[in-house]
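Since the structure comes first, as structure tokens, the remarks are kept for the end.
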Amino acid sequence: MPDHNLLGGGSAETVLVPGVLAAMLIAIILILTLPRRMIVVPFVTICVLVPASQTLVLGGIHLFVARIVILCGLVRLVVSRINGKADVLAGGWHEVDTLFLGWALCRAFAFTIRYGTTAAVVNQCGFIWDTVGGYFFVRFAIRTEQDIRNAIRTLAFVASVVAIGMVIEQRSLTNVFSAIGGQAPAIRDGRIRSQGPFSHAILAGVFGATTVPLFYRLWLMNRDRFVAAVGVIAGTTMVFTSAASTAVGAYVAGIVAICAWPCRRHMRAIRWGMVGGTFALALVMKAPVWFLLARLDLVGGSTGYHRAMLIDQAVQRFGEWWLIGASNNQGWGVGLDMWDVQNEFVAQGFTGGLLALILFVLLVSRTFRLIGVARKAARSDRRQGWLVWVLGAVMVAHVAAFIGSDYFDQTRFWWFTTLAIIIAATVPGRPRQYNRSQTIRSQSADAIVLPAAIGR
């Protein structure tokens, strides 16, 4: 097992620079004092724009910026619950919440049992802090349509900042985020792979690709259309400056899903048709069907064969990982960099075993089901149906990205935010909106009494 710091995640660290420290403190203050509907803004901004490696060292304890921000957000959630606020989560506790919590705990348990060391326990405390803490904080922060709008507008802003930085990388080979831990862009087959504050160019492109359908949702809301257009341009720029086939594939998948709106009443037949087509291909192909990935090269120099071999070896070596995951996959393919598990589904099984993989697949499946049920319920309201359909396109883009990437940096928090947005937009029984006079009084109190602010 790699050498892990206290509550660390195993990634390379950079000591917190003064500018990031100031930004983190501002974010914490805003999360504790802003009206609840606005706290998603500082959270998304700091978690996306600050590289995951930025670390605050206190008395020998290493704490990542996102974890400190999440902790403060959870303090506000707990105080709100103690103060008796009903339904601190949109629609109350949901099946998706159960699956998410079960997946996280199962994966952490398998990892800890596999290594059986104190370092493993500490490492998985960090994992739970990131995943469970981050997920339930955004569930608390995103509860109404206004919250969703604020989240999308914030994503458009941060995507614009990152996109500008990635364009600069293309022209100067300099990462503008390098001063706070951003890495220099790589070059593959003569193409510069910009990555901004993300840990890899693929993840930078995936972030842009999976946000584009969400910006279209903002456009459909008939408000902030300029912001929506800027977000689409920024997300598209991120995709193509990352020079990653996975990002392009996710981008195309999201757009195709949006364009499939006329087929919405035939999705059951389409899904079964896709399953049948896959089986038909498996019957006529000499190699397993997943080796189609080896033929995909959307930007040049892609490593589709690596992805195909990764799936192939995971299937062939099922007995090595199904119980509690595997500790080493170096022998899965000599010279093929099998240690780089760039497939989210394979990564779930490799890290947490078969049960963790099943729970993760169920989490994705139930989220799609939630969207489908909400879309059917909105048959008489075409606009509402469109708004829900676009959320399905976001999920399709994520699943396409999962085939060629593993969310191991700040893209994790974007994934959690996606789930929170979908639940808030589709489940019944969302918390009621306070009227204008109540909101004004509450905002005035927020500026005076901190406990009252964090209790809302």
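The values are calculated or read from the model by the stated rules, or taken from the named source; none is laboratory data. It should be emphasised that the depicted structure is a prediction, and the values quoted were computed from it without experimental measurement. Quick reminder, even Gly has a Cβ in these numbers, built from the backbone with ideal geometry, and neighbours come from all protein chains shown.
Observations on the model:
- Matching option when the condition is within 24 Å of the chain's Cα centre (by Cα), modelled with pLDDT of 95 or more, outside any loop (DSSP other than H, G, I, E, B) and surrounded by fewer than 19 Cβ atoms within 10 Å (Cβ to Cβ), among L362, L391, L419, L357: L362
- Among the conditions (1) buried (at least 22 other Cβ atoms within 10 Å of the Cβ); (2) closer than 29 Å to F109 by Cα; (3) modelled with pLDDT under 95, F137 misses just one, which is (3).
- Where D409 falls short, out of the listed (1) surrounded by fewer than 17 Cβ atoms within 10 Å (Cβ to Cβ); (2) touching a residue at least 40 places away in the same chain (Cβ under 8 Å); (3) among the charged types (D, E, K, R); (4) over 18 Å from C106 (Cβ atoms): (1)
- Within segment 122-231, helices (runs of 4 or more DSSP H) holding 3 or more residues that are among the β-branched types (V, I, T): 145-172, 201-220
- Cβ separations smaller than 7 Å between residues 6+ apart or across chains give the following pairs from segment 270-287 residues that are within 22 Å of V256 (Cβ to Cβ) to residues that are in a helix (DSSP H, G or I): I270/C263; T278/V289; L281/V289.
- Qualifying positions in segment 342-354 - over 20 Å from I202 (Cα atoms) and surrounded by 21 or more Cβ atoms within 10 Å (Cβ to Cβ): G349, F350, T351, G352, G353
- Odd one out for L71, checked against (1) crowded, with 18+ Cβ neighbours inside 10 Å; (2) closer than 16 Å to F416 by Cβ: (1)
- Any hit, segment 323-330, residues being part of a helix (DSSP H, G or I) and touching a residue at least 12 places away in the same chain (Cβ under 8 Å): no
- Complete set of residues in segment 182-199 that are closer than 30 Å to I148 by Cβ, of a type outside the set (A, V, I, L, M, F, W, C) and buried (at least 22 other Cβ atoms within 10 Å of the Cβ): G182, S194, Q195, G196, P197
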